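First the structure, in the form of structure tokens, and then the observations on it.
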Amino acid sequence: MSTAPLALITGVGPGTGSAIARRFAKAGYRTALIARDAVRLGELANELPDAVALPCDVTDPQALAAAVERAGPAEVVVHNAVGGAWGTFREIDPAVLERNFQINVMALLHLARLTTPSMIEAGRGALIVTGNTSALRGRARFAGFAPTKAAQRILAESMARDLGPQGVHVAYLVIDAVIDVPWARERYTDKPDDFFCRPDAIAEHVLQLVSQDRSAWSFYAEVRPFREVW
């Protein structure tokens, strides 16, 4: 059995999640991959060395607990699973907001409770949460999404204040960008390449956060394309 550290990643879709898994594998980590699509997850696990596919819905606490137990103690956890929706508060189905809260907030809570005890015991580890600008402001048509990302950011900050003194690094990465994935290319057909944020570049930043010296840890970090207006 490999003694390489384990990175557990949720939300391993075709964009950022897969890029994070590939980057950590390249850095010598074993990887545990969590998402709902078992076929895609299995294909990626076969591509990477020392990877395991753990298909489950992160909103199911029992399924998530079983996946984490199967993975084993992780030195790095990345919560990249995300639920989103577009519409004003009058247009959205309230059930959508509740579902997104389960993905973005409650799944993070359960994931941290399952994975950080072993980090605390070891006196080291990292929990990285990927967010976006909806965590900072509520635009009119983000009513079914932004409230849950704001809650996620605050929860992560509470975790950071608790876990940091125990040797566990918690960081929140705001991705202020349109990520370069196929559906975004189809939607923004008039945009140049440098309008998009590359998943592999985001993954590199996640690894940099994990690699920070504990004398200079970041909690809040941001990435955006150089042309992004902010």
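Coordinate-derived values only; no laboratory data. Note that this is a predicted model, so its numbers are computed, not measured. Cβ placement follows ideal geometry from the backbone for every residue including glycine, while neighbour counts extend to all protein chains displayed.
Gain in length, Asp162 to Ile120, computed as 0.36 nm per residue apart minus the alpha-carbon separation, to one decimal in nm?
Numbers: separation 42, 0.36 × 42 = 15.12 nm, distance 1.07 nm.
Value of the extension gain: 14.1 nm.
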Study note, to complete from the structure: The FRET efficiency for Ala95 and Glu69, from their Cβ-Cβ distance with R0 = 35 Å and rounded to 0.05, is 0.70
Revision key, fill the gap. With x for Gly and Pro, the residue-by-residue ³J(HN,Hα) of region 91-108, computed from phi through the Karplus equation 6.51 cos²θ - 1.76 cosθ + 1.60 at θ = phi - 60° and given in whole Hz, is 9, 6, 7, x, 5, 5, 4, 5, 4, 5, 5, 5, 6, 7, 10, 5, 5, 4
**Study point:** Along the chain, longest interval not containing exposed GluC sites (Glu not before Pro), exposed being DSSP loop plus at most 16 other Cβ atoms within 10 Å
**Key:** 92-227
Exercise for review: For Cys197, enumerate residues with amide H under 5 Å from its amide H, sequence gap 5+ or separate chain, H modeled in the peptide plane.
Suggested key: Val178, Ile179, Asp180
Study note, to complete from the structure: Along region 18-23, Karplus-curve 3J(HN,Hα) (6.51, -1.76, 1.60; θ = phi - 60°) to the nearest Hz, with x for Gly and Pro, reads 5, 5, 5, 4, 5, 5
Check your understanding: Which percentage, to the nearest 5, of the DSSP beta bridges contained in the chain is antiparallel?
Key -> 0
Check your understanding: Once amide H atoms are built 1.01 Å from N in the peptide plane, which residues 5 or more positions from Ala81, or in another chain, come under 5 Å H to H?
Key -> Thr10, Gly11
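So how do Ile103, Ile120 line up by other beta-carbon neighbours within 10 Å, fewest first?
Numbers: Ile103 21, Ile120 14.
By the 10 Å Cβ count, ascending, the order reads Ile120, Ile103.
With all pairs of different alpha carbon atoms counted, what Kirkwood hydrodynamic radius in Å does region 104-230 show?
Working: mean 1/r = 0.0633 Å⁻¹.
Taking every pair of different Cα atoms in region 104-230, averaging 1/r and inverting gives 15.8 Å.
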**Study point:** region 32-106: proportion of alpha-carbon pairs further apart than 19 angstrom, %
**Key:** 44
Review point. Looking at region 6-223, what % of the alpha carbon pairs are farther apart than 29 Å?
Key: 21
Exercise for review: Only helical DSSP H runs with n ≥ 4 go in: add -39500 (n - 2.57) per run for the chain, normalise by residue count and round the 222 nm mean residue ellipticity to 500 deg cm²/dmol.
Suggested key: -12500 deg cm²/dmol
Check your understanding: To the nearest 10 degrees, how steep is helix 61-71 against the longest Cα principal axis of the chain, on a 0 to 90 scale?
Key -> 50
Review point. Could you work out Rg/(2.2 N^0.38 Å) for region 83-127, with Rg from alpha carbons only?
Key: 1.66
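Loop by DSSP (not H, G, I, E, B), at most 12 other beta-carbon atoms within 10 Å: where is the longest site-free stretch of the chain for trypsin sites (Lys or Arg not before Pro)? List each step's numbers first, then the result.
Numbers: sites that count: Arg90, Arg137, Arg139, Arg227.
Counting only loop sites that pass the neighbour cut-off, the longest clear stretch is 1-89.
Between Asp57 and Trp183, what is the FRET efficiency for a Förster distance of 25 Å, r being their Cβ-Cβ separation, to the nearest 0.05? Show your work: numbers first, answer last.
On the way: r = 21 Å, r/R0 = 0.83.
After rounding to 0.05, the efficiency reads 0.75.
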Study note, to complete from the structure: Residues meeting the amide H criterion for Ala143 (H placed from the backbone, H to H distance under 5 Å, 5 or more places apart or on another chain) are Gly87, Phe89
Review point. When the Kirkwood radius is taken over all Cα pairs of region 91-152, what Stokes-Einstein diffusion coefficient follows at 20 °C and 1.002 mPa s, in µm²/s?
Key: 166
